[in-house]
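In what follows, a single structure is set out as structure tokens and then discussed.
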Amino acid sequence: MKINGQRVTLRKIEERDLPTLWDYLYGDPSPEWKKWDAPYFDHKRLTRDEYYESSIKNKSRSDEFQRIIEVNGKTIGTVGYYWEFEPTRWLEAGIVIYNPSYWNGGYGTEALSKWVDHLFETKEIGRVGITTWSGNERMMKAAEKIGMKLEGRMRKCRYYNGVYYDSIRMGMIREEWEEIRSL
């Protein structure tokens, strides 16, 4: 199932996407996108074969939890979600725009908005959240633009390149999402 926005399309990952995704994820040992996506965590490199094998073996998991972000047929990133704690329906979403040419153009905001819509439309959940760090201002702005609110700030708990940063939690509850959609 494709999710179409004005400029972005979200779709399931297909086997034909694996070379492009591997290039974005592991082709460069120090990719630019990783400087914004939790850079304080190690980026463990996989070989092409390891990545393909893992992706094919876990295809049903990927089909459920992750989508490609496309612009005019070109893969620029992915969206996904994970259960922080499924028994209480606590779900967190995420997004990465791998291609820096598409940063600061509103593509991530549109993709995040469409993904949050999809999650509220298809899941019995009361909230969708994101977790980021205070060094990733673009992520915080995208979340705010789609209606998420700051819910938590754990101060100085992310240490990166000699600087302490805050961990940021933002979220939107179903009632806020419904109100935004009714406008």
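Bear in mind these aren't lab numbers, they're just calculated from the coordinates by the rules spelled out. Keep in mind that this is a model prediction, so the values were computed, not measured. No Cβ is skipped: glycine too gets one built from the backbone with ideal geometry, and neighbour counts run over all protein chains shown.
Worth a mention:
- The residue among Ile146, Ile13, Trp115 whose Cα reaches farthest toward the positive pole of the charge dipole of the range 1-147, with charges on the beta-carbon of Lys, Arg, Asp and Glu, is Ile146.
- Just checking the listed ones, Arg61, Arg89, Arg16: in the Gaussian network model of the chain with Cα springs under 10 Å, the one fluctuating most is Arg16.
- Cα-based values for the chain, radius of gyration first and Dmax second, are 16.3, 48 Å.
- Partner lysines whose Cα lies under 16 Å from the Cα of Lys149, excluding those fewer than 8 positions away in the same chain, are identified as Lys141.
- Peptide packing: for 93-104, 29-40, 46-57, the average count of neighbouring Cβ atoms within 10 Å per residue gives the ranking 93-104, 29-40, 46-57, highest mean first.
- Cα gyration tensor category, rounded, prolate or oblate, for the range 30-102 with a/c compared to 1.5: rounded
- Residues with amide H under 5 Å from that of Ile146, placed H, sequence gap 5 or more: none
- Across Lys114/Lys145; Lys2/Lys114; Lys2/Lys59; Lys2/Lys74; Lys12/Lys114; Lys35/Lys74, pairs whose alpha-carbon gap is larger than 19 Å: Lys35/Lys74
- Cα gyration tensor shape for the range 1-41, rounded if a/c is under 1.5, else prolate or oblate: oblate
- Each peptide in 159-166, 170-177 receives the mean, over its residues, of other Cβ atoms within 10 Å, and ordering these scores from highest gives 170-177, 159-166.
- The shape of the range 89-183 comes out oblate: with a ≥ b ≥ c from the C-alpha gyration tensor, a/c is at least 1.5 while a/b does not beat b/c.
- Order by protection proxy (mean Cβ within 10 Å, highest first), peptides 146-155, 71-80: 71-80, 146-155
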